[in-house]
Amino acid sequence: MIARPFPKRLASALVPAVPYLWLILLFLVPFLIVLKISLSDPAVAQPPYKPVFDWNDVLGFLSQLDLENFETLVGDDLYLRATLSSVRIAAISTALLLLVGFPIAYAMARAPARHRPLLVALVILPFWTSFLIRIYAWVAILKPEGFLTQALMALGIISEPLSILNTETAVYIGIVYAYLPFMVLPLYATLEKMDDTLIEAALDLGCPPWRAFWAITVPLAMPGVVAGSLLCFIPAVGEFVIPDLLGGSETLMIGRQLWSEFFSNRDWPLASAVAILLLIILVVPIVIYRDVEARRLETRP
Amino acid sequence: MNRRLSLFNVTSLVLGFAFLYLPILLLVVFSFNASRLVTVWGGFSTQWYVALFRNEPLMEAAWVTLRIAFLSAILATVLGTLAALALTRYGRFPGRTLFTGMVYAPMVMPEVITGLSLLLFFVAIGLDRGFWTITLAHTTLTMCFVTVVVQARLMTFDRSLEEAAMDLGAPPLRTFFSVTLPLIAPSIVAGFLLAFTLSMDDLVIASFNAGPGATTLPIKIYSQVRLGLSPEVNAASAILIGIVAVGVATATLLSKRSALRTQRNAH
C-alpha cells in the first residue's frame, strides 16, 4: 500500500478511535468507578459515599479500601438467596423459552419462502413496542379479576378467580413473553439454513421422524439454541421491571435488590457491590456470548 | 425447506402469534373503555385520550422523551456506524478484542448495572443529572445495537464495488460517500430507528440518570402503574404502539423499495 499523507492517515484513524474512546469513557471507566465505590464506606452526604480516591495520597487510598460491603453480601443470606433465586428463575425461563420458541421457529423455517419475511417481521414487531407497556398489559390479564380469570370463568373451566399476579408464575410468563423474539430469531436463523435433504435421507433410510429430529435437526440447530439461550438468560438474571411489576414481595431477584439498595436505602456502596456480584455471575456467559456473536458475524459469507 | 406445513407447525404459529399479540390488542381495545375499571368493558369512549392530552406533566415528560430519543439516536447512529466500519474494514487493529467486548457487552448487560455505573460516573465528574446524562447514557447503550445492525450489512455486501471505485481513482472518503454509504443506508436507517425506540422505551437506565429537571415518559408510566392500572396509561400506551406501528410500516416499505431498486439495477 502507498503511504498516505499524514492528515489522511489521521482522518482514517479517527474511524475506530472515536467510538473506541467513547466506549472507554462511558462504559469501561464507569465500571472501574463502580468497583471503586463498592470498596468504600457509605456516608450521609451528597453523594452518599465517602470518596476514597485521592491522587495525592495513593497509599492512604489503598489502605482505606475494604471488603466490608462484600462481607455484608456474604454475611446476609438475603443476597445469597436473591442470587440463587435469580439464576433459578432465569434458567427456568430460558428452558420455557426454548420449549415455546422452538416450535415457532421450526414452523417459520418450514413455511413457504415467500411468507417467511412476513413471519419474521411479525416476531420482531412486538419487540419494537415498549417493554414496559407489554409487561403492563399482563397486569390486566393476570390480576384476580383480570382478563384470564374472566375468560376461564366464562368457559366454565374455573369457578374461583385465579391469583397469578404477584407470584413467581407471573414472572415466568412475563419473561417468556418479553424475551420470546430473542429466542425465536436466532433459532430461526439456524433452522432456515438447514439442508432439508438430510432429514429426507434419514427418513428414506427408515429412521423414525422423532429420531431424525433428535439426531439431525437438534444438533444442527445448536448454534441458534446457544445464542438464543444466552441472549435470554443473561438479561433475565438481572431483570428488574418484570419481577417488580408481576412478581410478589417474596420474588427475590438480584436486580430488584440492587434497585432497592440504591433508591430506597440510598446505600450506593452496597448497591455497587451488588452490581459487581451480578457481574461476576454473568461474566462467563457474557464472554461466551461475545465469542459466539463475533464468530457468527465474522464467518458469514 | 419448502414442504407443506404440518398441523403441528400451523398450531405453533397460530398459538405463538396469539400469545405475542393478544395482550397488546387487549390493551389497545380497553384504552377506548368508558369505564374507569380497566378490565371491565363499559362502552366506547375516547375520554382517556382527552384526559391524557390535558395531563401536562405527562405531556412534558413525553416531549423530553422524544427529544432525548432523537438526539441520542443521531449520536448513536454516527458512533455505531463508525464502530461497524472499524470492525469490518480495519482488520486487526490494536485493542480490537477489548473493542468487540465493549460493543457486545452493553447489549446483554443487565440494565441495572449499566444505569448504576453511568450514574456513578456522572456524579464523579460532577455532571448534574438530567436531560444530558440520560442522552449520553442512551447513546452509549444504543450505539452498540446500531453497530451490530450496520456491521451485518457491511459483512454481506459486494466489496468489489468499493474496489472498482478505488481502482478508478476515487479517494477513500469519496468512495465511502458515493459507494459505501448509499449501499449501507437502509441498515443505518434501521439502526437509527432501533436506537430511537430503545431510548424511548428505556425505564431502568433513565431512572438512574434522571434528575429533578428531566423525567421521561417511561418513568412517569412506571410510577403510575405501581399505584395500579389506569385507563390513561392504556391510552398513552396505545398511542406509543400506534407510533411504532407506523414507523415500522414506513421502514419496511422503504427497505422494500430499495430492495426492488437494487433488483432492477441488477437485471
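The values are calculated or read from the model by the stated rules, or taken from the named source; none is laboratory data. This is a predicted model, so every value here is computed, not measured. Methodologically, a virtual Cβ is constructed for each residue, glycine included, from the backbone with ideal geometry; neighbour enumeration extends over all protein chains shown.
Things to note:
- Restricting A:ARG211, A:ARG256, A:ARG290 to those that are more than 13 Å from chain B (Cβ to nearest Cβ) and either within 30 Å of A:LEU165 (Cα to Cα) or among the basic types (Lys, Arg) (or both) reduces the list to A:ARG211.
- Residue within region B:129-139 that is part of a loop (DSSP other than H, G, I, E, B), surrounded by fewer than 16 Cβ atoms within 10 Å (Cβ to Cβ) and more than 20 Å from the chain's Cα centre (by Cα) present: no
- Where a residue in region B:53-64 is within 17 Å of B:ALA210 (Cα to Cα) and its partner, wherever it lies, is part of a helix (DSSP H, G or I), with Cβ under 6 Å and at least six apart: B:LEU58/B:LYS220; B:ALA61/B:LEU217; B:ALA61/B:LYS220; B:ALA62/B:LEU217
- Residue that is under 24 Å from B:PHE8 (Cα atoms) and assigned to a helix (DSSP H, G or I), where the choices are A:ALA113, A:ALA121, A:ALA140: A:ALA121
- When the helices (runs of 4 or more DSSP H) confined to region B:26-126 are screened for residues that are closer than 30 Å to A:LYS36 by Cα, those reaching at least 2 such residues are found at B:56-89, B:96-108, B:111-124.
- Any hit, region B:116-125, residues being under 18 Å from the mean Cα position of the chain (by Cα) and touching a residue at least 24 places away in the same chain (Cβ under 8 Å): no
- Selection from region B:71-99 of residues that are closer than 25 Å to A:LEU282 by Cα and within 21 Å of the chain's Cα centre (by Cα): B:GLY80, B:ALA83
- So B:ALA84, is it more than 23 Å from A:THR129 (Cα to Cα), buried (at least 19 other Cβ atoms within 10 Å of the Cβ) and either among the small types (Gly, Ala, Ser) or modelled with pLDDT under 90 (or both): yes
- Candidates A:ILE216, A:ILE199, filtered to the one that is more than 11 Å from every other protein chain (Cβ to nearest Cβ), within 27 Å of A:ARG116 (Cα to Cα) and without any contact (Cβ under 8 Å) to a residue 60 or more places away in the chain: A:ILE216
- Looking only at region A:236-253, and only at residues there that are among the aliphatic types (A, V, I, L, M) and not in a loop (DSSP other than H, G, I, E, B), the one that is farthest from the other protein chains (Cβ to nearest Cβ): A:ILE242
- Search result, residues across region A:227-281 that are within 16 Å of B:TYR222 (Cα to Cα), aromatic (Phe, Trp, Tyr) and within 13 Å of the chain's Cα centre (by Cα): A:PHE240
- Positions within region B:65-101 being in contact with a Ser or Thr (Cβ under 6 Å, 6 or more places away or on another chain) and either more than 30 Å from A:TYR289 (Cβ to Cβ) or not aliphatic (A, V, I, L, M) (or both), in sequence order: B:THR65, B:SER72, B:GLY80
- Residues of region A:128-164 satisfying the condition of being more than 7 Å from chain B (Cβ to nearest Cβ) and closer than 25 Å to B:ALA245 by Cα: A:ILE135
- Residue under evaluation A:THR169, criteria (1) outside any helix (DSSP H, G or I); (2) more than 13 Å from every other protein chain (Cβ to nearest Cβ); (3) modelled with pLDDT of 90 or more, criterion not met: (1)
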